Structure formats: C-alpha cells, structure tokens
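Remarks on the structure that follows.
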Amino acid sequence: MQQLGIRPEEPDDWWEVEALYDLCFAPGREALSSYRLRDDVPPVDGLSLVARDGQGILAGAIRFWPVHIGDHDALLLGPVAVHPTHQGEGLGGYLIHEGLRAGRALGWTRVLLVGDAPYYKRFGFSRLSGVEMPPPTNPDRVLGLELTPGVWEGVHGPVTRWSR
Ligand SMILES: CC(C)(COP(=O)(O)OP(=O)(O)OC[C@H]1O[C@@H](n2cnc3c(N)ncnc32)[C@H](O)[C@@H]1OP(=O)(O)O)[C@@H](O)C(=O)NCCC(=O)NCCS
C-alpha cells in the first residue's frame, strides 16, 4: 500500500481501468444488468480513483455512477477492483473509504451497489429491501449505505438510469 500513488482517474486512464476490470471480473461483466444503468452516462466527476505502483502499473480502481430511485438520487458504487497481485493489502477498502468520503463532500447522501454483503458490511452497507435493480439481479446482493442518517427510509422502487 505504501508505495502506491492514488489520484483521480483521468481520461487517459479509461482503457487501462477497463482492462483491469476485465481481468478481475468474470467474462461478460458488461452484460450484467447494473451496466444498463451506466450506458451513455458518464461516471460522477471527481469520484473515480486509480492506484498505481512505483512503476506506474495500475493496481486498483473505483468508479461511481449517478442513478435515480423514483425522485431520489443515489450513487451507484462500482466497479471497484484490485489487481490480484495487490489483493488483501487494504487497497480495496482504501478506495471505497476515499470514494465515500469524496461522495459525502460532494453532497451525496445515499449509496447503493450490487455485491457481496460479507465484504461490504464492513463499510456499513446492508441489504436494501424494496429497491429493485434491473432484472435479473439477486435482491440479496442489492446493498445500501446512508451518508446522512435515515435517507433510505421510504425509498423504494426500481433503480433507473440518470437522466439529468
Ligand atoms: C473485492 C476487492 C475489490 C477487494 O479488494 P482488496 O484490496 O483485496 O480488499 P481489502 O484488502 O481492502 O480487504 C481484504 C478483505 O476482504 C475480504 N474479501 C475480499 N473479497 C471478498 C468477498 N467477495 N466476500 C467477502 N470478503 C471478501 C478478504 O477476505 C479480506 O478479509 P480480511 O480483512 O478478513 O483478511 C478485490 O478482491 C477484487 O478486485 N476482487 C475482484 C473483483 C470484485 O469482486 N469486485 C467487487 C465487486 S462485488
């Protein structure tokens, strides 16, 4: 971790980050329903981060997208990935904490993701009931975090693509 440099993602990083995601996720990741929320929508400015080692090799990356649930706005966390040679060093946790801190600073109040509850509960994520990602998504993997207390209360329904 110490030798890694972490900075906001820049346009020149885009395809290298895509290659890291291809390496870290199962083939066909872009067929996942959560990607339909990202089609033709840019990630939230200022929240995407890249981590590079001393040789400049990409070690990890995180992006966030804006989404709607009815009239409510939320951040969709992910993809986040750490190169296999750096997994288990705390980098994934660092990228998530930094991204959430920056999201809060930008005024975002609620975050959701599709992922493994055993990993994300350490950041405070828990299952969101009644918030529906595009099918087919296992509802047990739809997790939420409030950056302001109580902001998920009464928020139900389908998650839709950002349209502002
Ligand atoms: C998930 C991922 C981003 C975590 O990054 P990382 O830098 O390895 O994570 P950290 O070092 O911060 O944390 C490691 C801890 O998370 C745990 N962990 C990692 N993935 C996990 C998972 N899917 N479920 C439960 N625990 C998990 C490790 O066992 C380790 O536990 P410990 O702290 O008790 O030893 C990384 O493993 C990765 O890129 N995986 C492949 C892509 C992926 O699955 N992304 C997440 C989408 S849901």
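Among the criteria (1) within 18 Å of S34 (Cβ to Cβ); (2) of a type in the set (V, I, T); (3) touching a Cys at 6+ places or on another chain (Cβ under 8 Å), the one V82 does not fulfil is (1). Residue pairs whose Cβ atoms lie under 7 Å apart, separated by 6 or more positions or on different chains, with the first residue in the stretch 4-31 and of a type outside the set (D, E) and the second away from the ligand (no atom under 16 Å from the Cβ), are P8/G46. Taking the stretch 30-50 as the range and being surrounded by 14 or more Cβ atoms within 10 Å (Cβ to Cβ), within 14 Å of the chain's Cα centre (by Cα) and among the charged types (D, E, K, R) as the test, only R38 passes.
For S163, are the conditions met, namely being more than 8 Å from the ligand (Cβ to nearest atom), touching a helix residue (DSSP H, G or I) at 6+ places or on another chain (Cβ under 9 Å) and of a type in the set (S, T, Y)? Criteria not met by S163. Scanning the stretch 33-42 for residues being free of Cβ contacts under 8 Å to residues at least 24 places away in the same chain and under 19 Å from G115 (Cβ atoms) gives a total of 1.
Okay, residues lined up against (1) within 14 Å of the ligand (Cβ to nearest atom); (2) free of Cβ contacts under 8 Å to residues at least 12 places away in the same chain:
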site	(1), (2)
Y120	yes, no
F125	yes, no
V131	no, no
T137	yes, no
R141	yes, no
E153	no, yes
V159	no, no
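Taken together, the criteria place D116 among residues that are within 12 Å of the ligand (Cβ to nearest atom), surrounded by fewer than 19 Cβ atoms within 10 Å (Cβ to Cβ) and under 25 Å from G157 (Cα atoms). Restricted to the stretch 55-101, and to residues there that are within 10 Å of the chain's Cα centre (by Cα) and β-branched (V, I, T), the residue that is surrounded by the most Cβ atoms within 10 Å (Cβ to Cβ) is I62. Could you say whether any residue in the stretch 40-49 is touching a strand residue (DSSP E or B) at 6+ places or on another chain (Cβ under 6 Å), more than 14 Å from the ligand (Cβ to nearest atom) and at positive phi? No: zero hits.
Looking at this structure, is P149 more than 9 Å from the ligand (Cβ to nearest atom) and closer than 16 Å to R161 by Cβ?
On the way: more than 9 Å from the ligand (Cβ to nearest atom): yes; closer than 16 Å to R161 by Cβ: no.
Here the answer is no, as P149 does not meet what is asked.
Within the stretch 135-149, work out how many residues are closer than 22 Å to E98 by Cα and assigned to a loop (DSSP other than H, G, I, E, B). Final tally of qualifying residues: 3.
If the condition is being outside any strand (DSSP E or B), small (G, A, S) and more than 10 Å from the ligand (Cβ to nearest atom), then the stretch 62-112 contributes G70, G99, A102, G103, A105, G107.
A short reminder: the numbers here are calculations on the coordinates, not readings from a lab. What you are looking at is a predicted structure, and each value in this text was computed from that prediction instead of being measured. Using ideal geometry, Cβ is built from the backbone for each residue, glycine included, and neighbour counts are taken over all protein chains shown.
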